[in-house]
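In what follows, a structure is listed as structure tokens, so that the remarks can point back to it.
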Amino acid sequence: MSEASFFTDMLQSITDRGRQLLFSGSRNTQVAAEVDLQTLCEMLLSSRGEASGMALAAEILERWGSLESDGAQTFLHMLHEKFGPDMTKLDQAIENYRTDKSSAAIIALHQAAEPRRQELLRRLNHAPNGTAKLVGMRQQLLSSKEQSAEYHALDADFTHLFGSWFNRGFLTLRPIDWSTPAYILEKIIKYEAVHEIAGWEELRRRLAPADRRCFAFFHPRLADEPLVFVEVALTRSVPRAIGDVLDEGREQINADEATTAVFYSISNCQDGLRGISFGNFLIKQVVEDLRRDLPGLKNFVTLSPVPGFARWLAKSRSSAAAPLPSGVREKLMLLDDSKWADDESTAIEMERVLLPLAARYFLIERTPEGRPVDPVARFHLGNGARLERLNFLGDRSTKAMQQAHGLMVNYLYKLDDIVANHEALAQRGEVIASPAVKSLLNQNDESRRGGNGQQGSRPFAQIVNSKLGGGRK
């Protein structure tokens with residue numbers, strides 16, 4: 001029996017004993033059935049016994065699991081309204097701190113400010129499969145379209161607790177290969193979020209060959225559920241297109257012939273853990289493991305999608321204020337034909353137009369918080385990768401054409417530069433990119449002529465270079 005199974009069985013045994021103590025006998029059973037969820041939650045917070053506490057937690061989560069959507073929303077609303085901070089204690093702690101700024105007063109203020117629901121969630125976590133059920137509870141919260149202060153307060157509590165429960169120290173890295181149990185392989189197929197796996201034969205092509213690797217993070221309380229996984233191709237060069245990696249007829253090589261490890265798909269598996277970052281730890285751990293096992297590897301790169309590019313470009317095209325010269329606007333109308341990429345001359349023309357715009361998208365455009373606008377870019381650049389290369393029509397799938405007009409990107413993980421690259425973005429908002437990517441800002445001939453050739457028009461390349469500080473670095 002595995003350690004995880006033994007622990008789960010032990011929790012279940014204690015819980016069953018607690019249920020017997022709490023709910024045995026016809027009178028107790030009837031009372032238990034009549035008690036509402038709020039009262040059960042109050043009972044759990046005041047419980048001092050281990051067995052009875054687990055039984056109460058299990059009862060609450062069992063009832064939660066049977067609720068319809070409206071009932072689940074009512075429960076979450078109740079958590080916010082009835083299990084926030086004790087305001088009387090908080091007011092008193094604030095007053096005490098104003099006159100006594102000792103460590104004890106600070107601790108008391110911190111404890112009084114913590115919402116009671118945080119302790120409630122900690123106790124619910126003691127139930128058998130409690131962690132998985134609480135992840136499902138947050139998934140229900142995140143699925144709500146409501147973005148009120150109540151929503152954000154509840155999510156802050158879940159995020160705070162999950163950030164501790166799922167920190168790197170609790171995670172285990174496991175290789176996934178063709179000999180991995182089928183029930184886990186089924187989940188790899190299910191959770192693949194970047195390049196769909198059509199079935200078992202396609203999964204075999206991604207796992208079985210000597211030049212393929214896959215790794216996943218697991219948590220001891222979700223023993224059979226991957227949290228995040230990465231698929232890796234071992235190659236002799238940096239690929240420009242996903243077909244170079246996934247085509248059925250590609251050339252296979254021995255692992256020791258490879259010089260490059262390509263991270264071509266990273267998938268988060270648990271919607272309820274959205275925003276709890278595992279991928280940065282995963283990539284760095286996998287790099288270390290691959291370097292140890294395959295010393296011939298010199299390059300560690302991604303082949304990544306650009307999920308926000310088409311949306312940004314559409315918004316720029318529709319805005320008169322966007323700095324797109326009219327000549328570029330006219331050429332972008334070719335994108336309205338869904339078959340544009342099939343015509344060679346059109347594709348050549350669109351490459352000239354799209355790559356400089358993509359360079360602007362990555363190097364200049366920012367969210368209101370000053371971060372890169374593309375979510376995948378935020379992840380890799382925030383991890384210290386360098387924006388290495390933009391690959392025109394790197395992915396011709398329907399999804400990629402809709403999201404990015406086929407664009408793919410290579411991010412380079414050079415271990416000696418990761419810290420400096422991260423600090424450049426975090427401290428100065430600077431995206432570290434290769435000279436080839438930076439040079440793309442100057443390659444739009446129409447922009448260089450001011451679009452329609454009218455006097456006084458400011459060239460597009462000058463606009464973007466001024467924002468980069470004259471194109472330096």
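The values are calculated or read from the model by the stated rules, or taken from the named source; none is laboratory data. Note that the coordinates shown come from a computational prediction; the quantities given were computed from them, not determined experimentally. Note that each Cβ is placed from the backbone with ideal geometry, even for glycine, and that neighbours are counted across all protein chains shown. Note: accessible area is taken over every heavy atom of the protein model, side chains too, but ligands, DNA and RNA are not part of it. Shrake-Rupley method; radii C 1.70, N 1.55, O 1.52, S 1.80 Å.
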**Request:** Select from region 94-148 the residues that are within 21 Å of residue 70 (Cα to Cα) and either open to solvent by 70 Å² or more (accessible area, probe 1.4 Å) or free of Cβ contacts under 8 Å to residues at least 12 places away in the same chain (or both) and list them in ascending order.
**Result:** 133, 139, 143, 145, 146, 147, 148
**Fill in**
Picked from region 179-220 (must be assigned to a strand (DSSP E or B) and in contact (Cβ under 8 Å) with a residue 24 or more places away in the chain), the residue nearest to residue 234 (Cα to Cα) is 213
**Request:** Select from region 308-335 the residues that are within 31 Å of the chain's Cα centre (by Cα) and surrounded by fewer than 18 Cβ atoms within 10 Å (Cβ to Cβ) and write down the one among them that is modelled with the lowest pLDDT.
**Result:** 322
**Close pairs (9 angstrom Cβ cut-off, 6 or more residues apart or separate chains): closer than 22 Å to residue 193 by Cα and touching a residue at least 60 places away in the same chain (Cβ under 8 Å) in region 399-421, among the hydroxyl-bearing types (Ser, Thr, Tyr) and open to solvent by 30 Å² or more (accessible area, probe 1.4 Å) anywhere** = 401/338; 406/397
**Prompt:** Just checking, how many residues over region 183-194 are open to solvent by less than 60 Å² (accessible area, probe 1.4 Å) and farther than 12 Å from residue 228 by Cα?
**Reply:** 4
**Request:** Report yes if residue 251 is more than 22 Å from residue 397 (Cα to Cα), surrounded by fewer than 16 Cβ atoms within 10 Å (Cβ to Cβ) and at pLDDT below 95, otherwise no.
**Result:** no
**Message:** Quick check on region 381-413: of everything there that is within 22 Å of the chain's Cα centre (by Cα) and open to solvent by 60 Å² or more (accessible area, probe 1.4 Å), which residue is nearest to residue 430 (Cα to Cα)?
**Reply:** 386
**Request:** Output the residues belonging to region 379-396 that are among the small types (Gly, Ala, Ser), assigned to a loop (DSSP other than H, G, I, E, B) and in contact (Cβ under 8 Å) with a residue 40 or more places away in the chain.
**Result:** 385, 394
**Prompt:** Which residue out of 437, 376, 419 is at pLDDT 95 or above, outside any loop (DSSP other than H, G, I, E, B), open to solvent by 10 Å² or more (accessible area, probe 1.4 Å) and over 19 Å from residue 322 (Cβ atoms)?
**Reply:** 376
**Asked** When region 246-269 is examined, which residues are found to be in a helix (DSSP H, G or I), of a type outside the set (Asp, Glu) and under 19 Å from residue 294 (Cα atoms)?
**Response** 255
**residue 300 being surrounded by 12 or more Cβ atoms within 10 Å (Cβ to Cβ), modelled with pLDDT of 95 or more and not in a helix (DSSP H, G or I)** = yes
**Request:** For residue 150, state whether it is modelled with pLDDT under 90 and either in contact with a helix residue (DSSP H, G or I) (Cβ under 6 Å, 6 or more places away or on another chain) or farther than 25 Å from residue 167 by Cβ (or both).
**Result:** yes
**region 270-287, residues that are assigned to a helix (DSSP H, G or I) and touching a helix residue (DSSP H, G or I) at 6+ places or on another chain (Cβ under 9 Å)** = 271, 272, 273, 279, 280, 281, 283, 284, 285, 287
